[in-house]
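Asks: Here's a structure for you.
The values are calculated or read from the model by the stated rules, or taken from the named source; none is laboratory data. Everything quoted here is computed from the prediction, not taken from an experiment. Please note: Cβ atoms are built from the backbone with ideal geometry, for glycine as well, and neighbour counts cover all protein chains shown.
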Amino acid sequence: EKGGYDHFMLKEIHEQPKAIQDTLVGRVKDGVVDLSQELSLTEEEIKGIDKIHFVACGTAYHAGLIGKSVVEKLVRIPVEVDVASEYRYRDPIITPSTLVVVVSQSGETADTLAALRAAKQAGAKVVGITNVVGSSVAREADEVLMTWAGPEIAVASTKAYTSQLIAIDLFALHLARVRGTLDEQTLKAHTTALLNLPQQAEAILEQAGSIQPLAAAIAKHDNLFFIGRGLDYAVVMEGSLKLKEISYIHSEAYPAGELKHGTLALIEEGIPVIALATQKEIFEKMVSNIIEVKARGAHVIGLGIEGDTELGKSVDETLFIPATLPLLNPVLAVIPLQLLSYYTSVARGLNVDKPRNLAKSVTVE
Ligand code: M6R
């Protein structure tokens, strides 16, 4: 049942090219994303949206954080992202022109469902992004956008996250086309880049073995940091959660520019820092932040884009992902982080697929 892999998590990490592919299939027409077959949102409704709320828990929340950047950039609609257990209690401003997008692999997470119901009650339209056909989210949302990752068994979510990112990208491109925020050429370029992701994810997985020695070193530490800026910050939040969840190592994800406002005090000789530098626009600033932690003795693992010859000069070890559009980097950048968590958990001899204290589906609030 594990298809020759030692754990479901490793199997599911390796299923990502297929999960991405299956989530894209049938959703592109004439080189452009078109979801009008499966969404009943009319052109008028789409044009009437004045704000979007992404609401989710855990890994799905981290997908929502990426969603904010993607939607704001491509569609120019203001987006807020909330952890579902906080959403209802902050008295959010929800009107009939608010679109609420709930993201849930299982479609059964209690807080996410409660948020969905509250949003509907307040008159908003709700889009559910879920991986389970017939789940509560799929049944109760006004619109459903499926991720086609297949069953995810390991408690740590991997292929569900990358598929959620794909579903969000598709949704954003659909909105952008209808609202006319992107020209045809840009829509096509984004779509082509999406279609290339499965093969690029595959290329990363072929190098999976190179991450094992890094994980073996990390397994000896009790504390570490993940840093990034912009979209990379959202990706490191996911990387940090994954590592905590299955390796029981304490880590913090930090926006790299914020370190010197307090947290830099925790950087001491030898502490591992995993630094993502995939975002071209902020690359120089990110390198300065890396130099700040290096100067305090951190051992830095940098993750950059293939072909980059700069990052290697300021870090101790480098990992690379193939080049895609900057907005799509998270889909690829998370994969080495998933592998790092996986191999760290294995190196520590832990129960990778069923970490202590956690359940796959959280059906209590
Ligand atoms: O089924 P859901 O997507 O609603 O689950 C949300 C979280 O419980 C889930 O993503 C959790 O954070 C994962 N165990 C993280 O790997």
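Asks: Could you go through region 61-72 and let me know if any residue there is of a type in the set (S, T, N, Q), more than 16 Å from the ligand (Cβ to nearest atom) and within 26 Å of VAL331 (Cα to Cα).
Replies: yes
Asks: Name the residue that is farthest from the ligand (Cβ to nearest atom), counting only residues in region 18-60 that are under 26 Å from ALA115 (Cα atoms), assigned to a loop (DSSP other than H, G, I, E, B) and not charged (D, E, K, R).
Replies: THR42
Asks: Of everything in region 300-319, what is in contact with a strand residue (DSSP E or B) (Cβ under 9 Å, 6 or more places away or on another chain) and surrounded by fewer than 20 Cβ atoms within 10 Å (Cβ to Cβ)? Give them in sequence order.
Replies: GLU306, GLY307, ASP308, GLU310, GLY312, SER314, ASP316, GLU317, THR318
Asks: Which residue pairs have Cβ atoms under 6 Å apart, sit 6 or more places apart or on different chains, and have a first residue in region 85-96 that is at pLDDT 95 or above and a second that is in a loop (DSSP other than H, G, I, E, B)?
Replies: Note: pairs meeting the criteria are ILE94/ALA122; ILE94/ALA124; PRO96/GLY123.
Listed here are the residues, each with its yes/no results for (1) touching a residue at least 24 places away in the same chain (Cβ under 8 Å); (2) buried (at least 24 other Cβ atoms within 10 Å of the Cβ); (3) of a type in the set (A, V, I, L, M, F, W, C).
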position	(1), (2), (3)
LYS244	no, no, no
GLU269	yes, no, no
PRO272	yes, no, no
LEU276	yes, yes, yes
LYS280	yes, no, no
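Asks: Could you go through region 125-138 and let me know if any residue there is under 19 Å from ILE166 (Cα atoms), more than 16 Å from the ligand (Cβ to nearest atom), part of a strand (DSSP E or B) and of a type in the set (A, V, I, L, M).
Replies: Checked against the condition, which is being under 19 Å from ILE166 (Cα atoms), more than 16 Å from the ligand (Cβ to nearest atom), part of a strand (DSSP E or B) and of a type in the set (A, V, I, L, M), region 125-138 yields no hits at all.
Asks: Pick out the one residue from ALA115, ALA138 that is without any contact (Cβ under 8 Å) to a residue 40 or more places away in the chain, hydrophobic (A, V, I, L, M, F, W, C) and either under 19 Å from PRO151 (Cα atoms) or out of contact with any Asp or Glu (no Cβ under 6 Å at 6 or more places or on another chain) (or both).
Replies: Sole residue among the options that is without any contact (Cβ under 8 Å) to a residue 40 or more places away in the chain, hydrophobic (A, V, I, L, M, F, W, C) and either under 19 Å from PRO151 (Cα atoms) or out of contact with any Asp or Glu (no Cβ under 6 Å at 6 or more places or on another chain) (or both): ALA138.
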